[in-house]
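Note sheet for the following structure.
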Amino acid sequence: MIIHTVSPGESVWSISRIYGVNPNRIVEVNQLPDPSRLLIGQSLLVPRDRPATHMVQPGENLWVLAQRFGTTVQAIAEANQIVDPALIFPGMVLTIPPRPRPTIEANAYVQRLDAVGLNAVEETGQYLTYLSLFSYEVREDGTLAPLADEAIIAAARARGAAPLMVITNIVAGEDFSPDLARAILGNVEVQEALITNILATMEARGFTGVNVDFEYVYPADRELYNDFLRRVVARLRPAGYTISSAVAPKVRADQVGLLYEAHDYPVHGELLDFVIIMTYEWGWIGGPPMAVSPVNQMRRVLDYAVTAIPRAKIMMGMPLYGYDWTLPFVAGETRATTLSPQGALARAIQYNAAIEYDPIAEAPFYGYYDEQGREHIVWFEDARSVQAKFDLVREYNLRGVSYWVLGLPFPQNWPLLADNFEIRKIIG
């Protein structure tokens, strides 16, 4: 895959001529809402069926070409039998080899268990190692709120995605509850009952593991949470199940805040099979406009995470959504609207908005005025921002990626994931 950013005057046809591909392939892989309307700044995936070739232009060198095509100087030199990389010249035609594809794992959470969720699993399950069903809500007595998830589990297994049971301290119809977490974590008998219920549910439903997503745990309960994880591991691992957790995106061990303090990176990293770091929600529904997962902020989290958790256990969170804010933003009042990347693109086309790209956050955004004359700003994800995140996985040598949340269309992500990585499958 090549990522092309649309310039003024370009069309699908003219772009297809640049790369020597059928224009229908560009339309298909990007699922373009309206192929006759491209936006300035829009990113497109351009699929190639054979190694790319490139005619060297004045001022270009192998380093520039390696950056443009997502490969290395050494790989281009070897593919073209170039002994001295400095000795290339304008007019020289080079074969551009594909970048190597390391093997990683990929997880995605699914929250909708209806036809929308089922369709998403059927379309994307082939790209996933795990599918995490969100969520089994724990109760104060150690029982679990049931889920009608049989169809989703069957669809995941049919596509080789190992189903994971997600348990949360969510109070039905509300949000994560620190008080509910305390009721569980402060009572060993309740914990043992809960683990027994987890085991029974996993065996009955065909789960391959459990993902513990306890959020907003009181800081004073940090060691109780660690002890609970130890009990889960002691009983589930001998039965052959994987155990993982989801943790807040911390930038240091002593980070203050209800979201962060009870998540003990070193203990999770030592005990569990893998840890999902929720590297998203810098831009959030009630906050000021910004990228959901700015790469500069993700990098700060990873710089700390790799000192506390083995790299081979870190799953980096990635969003499948963006937000539309109405301006001016007023703290405590403004609520953004959630958009899929495909929905964000369709809205940009509707308002003929030029798409800009923040080089620090490495994320696209655009502004527009609605029919009532209100100003909006939209931050979302595209092929460029996803590739920047995949580059982090390579750079930090991580176990893989974890997506929140299936059901929001983002057709560019999946072929780009497959273009970058081999996805490990643990079930047939």
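The values are calculated or read from the model by the stated rules, or taken from the named source; none is laboratory data. Fair warning: this is a prediction, and the values are worked out from it, not measured in the lab. We place every Cβ from the backbone using ideal geometry, glycine too, and count neighbours over all the protein chains shown.
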*Return the pairs, sorted by first residue and then second, in which the second residue is assigned to a helix (DSSP H, G or I) and among the aromatic types (F, W, Y), the first residue lies in the stretch 228-247 and is under 21 Å from G400 (Cβ atoms), the beta carbons are less than 8 Å apart, and the residues are 6+ apart or on different chains.*
V247/Y265
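In the stretch 154-201, which residues are of a type in the set (V, I, T), buried (at least 17 other Cβ atoms within 10 Å of the Cβ) and assigned to a helix (DSSP H, G or I)? Step through it out loud before you land on a result.
First, the residues of the stretch 154-201 that are of a type in the set (V, I, T): 166-168, 170-171, 184, 188, 190, 195-196, 198, 201.
This time we only want the ones that are buried (at least 17 other Cβ atoms within 10 Å of the Cβ), so: 166-168, 170, 184, 190, 195, 198, 201.
Those that are of a type in the set (V, I, T), buried (at least 17 other Cβ atoms within 10 Å of the Cβ) and assigned to a helix (DSSP H, G or I): I184, V190, I195, I198, T201.
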*Within the stretch 86-105, is there a residue that is under 30 Å from I26 (Cβ atoms), of a type in the set (G, A, S) and either in contact with a Phe, Trp or Tyr (Cβ under 6 Å, 6 or more places away or on another chain) or surrounded by 15 or more Cβ atoms within 10 Å (Cβ to Cβ) (or both)?*
no
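Mind checking which residues of the stretch 201-222 are farther than 19 Å from Y280 by Cβ and either of a type in the set (S, T, Y) or without any contact (Cβ under 8 Å) to a residue 24 or more places away in the chain (or both)?
Going residue by residue through the stretch 201-222, those that are farther than 19 Å from Y280 by Cβ are 201-210, 217-222.
Those that are farther than 19 Å from Y280 by Cβ and either of a type in the set (S, T, Y) or without any contact (Cβ under 8 Å) to a residue 24 or more places away in the chain (or both): T201, E203, A204, T208, Y218, A220.
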*asked:* So, restricting to helices (runs of 4 or more DSSP H) that lie completely within the stretch 21-85, which ones have at least 1 residues that are more than 18 Å from Q412 (Cα to Cα) and either touching a helix residue (DSSP H, G or I) at 6+ places or on another chain (Cβ under 7 Å) or basic (K, R) (or both)?
replied: 62-69, 73-79
_Among the residues of the stretch 166-182, are any out of contact with any helix residue (DSSP H, G or I) (no Cβ under 9 Å at 6 or more places or on another chain), in contact (Cβ under 8 Å) with a residue 40 or more places away in the chain and farther than 24 Å from A108 by Cα?_
yes
_Any chance R299 is part of a helix (DSSP H, G or I) and either without any contact (Cβ under 8 Å) to a residue 40 or more places away in the chain or in contact with a strand residue (DSSP E or B) (Cβ under 7 Å, 6 or more places away or on another chain) (or both)_ = no
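Take the conditions hydroxyl-bearing (S, T, Y) and modelled with pLDDT under 95 and apply them to T72. Does it pass? Quick ask: steps written out before the conclusion?
Values: hydroxyl-bearing (S, T, Y): yes; modelled with pLDDT under 95: yes.
Yes, satisfied.
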_Looking at the structure I just gave you, is L164 more than 30 Å from N397 (Cα to Cα) and assigned by TED's automatic domain parsing to the domain that holds F214?_
no
_Tell me whether the stretch 317-329 contains one or more residues that are surrounded by 14 or more Cβ atoms within 10 Å (Cβ to Cβ), under 26 Å from D227 (Cα atoms) and in contact with a strand residue (DSSP E or B) (Cβ under 9 Å, 6 or more places away or on another chain)._
yes
*Restricting attention to the stretch 128-153, and to residues there that are touching a residue at least 60 places away in the same chain (Cβ under 8 Å) and among the polar types (S, T, N, Q), which single residue is surrounded by the fewest Cβ atoms within 10 Å (Cβ to Cβ)?*
S135
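From A148, A204, A220, grab the single residue that is closer than 26 Å to A308 by Cα, outside any strand (DSSP E or B) and of a type in the set (A, V, I, L, M). Please lay out each step first, then the result.
Values: A148 fails: closer than 26 Å to A308 by Cα; A204 fails: closer than 26 Å to A308 by Cα.
Criteria check complete, one pass: A220.
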*Output the residues belonging to the stretch 104-131 that are part of a strand (DSSP E or B) and either in contact with a Gly (Cβ under 9 Å, 6 or more places away or on another chain) or closer than 16 Å to P411 by Cα (or both).*
I104, E105, A106, N107, A108, V110, Y130, L131
*Would you mind telling me which numbered condition in (1) in the same structural domain as G240 (by TED's automatic domain parsing); (2) farther than 25 Å from L272 by Cβ A388 fails?*
(1)
*asked:* List pairs: first residue in the stretch 115-127 and in the same structural domain as A154 (by TED's automatic domain parsing), second residue surrounded by fewer than 20 Cβ atoms within 10 Å (Cβ to Cβ) and assigned to a helix (DSSP H, G or I) anywhere in the structure, Cβ distance under 6 angstrom, at least six positions apart or on different chains.
replied: L118/A151; T124/W414; Y127/W414
_Residues being aliphatic (A, V, I, L, M), outside any loop (DSSP other than H, G, I, E, B) and within 20 Å of the chain's Cα centre (by Cα) - total across the stretch 244-287_ = 5
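Looking for something basic (K, R), within 25 Å of I3 (Cβ to Cβ) and in contact with an Asp or Glu (Cβ under 9 Å, 6 or more places away or on another chain) - is there at least one such residue anywhere in the stretch 336-351?
Yes.
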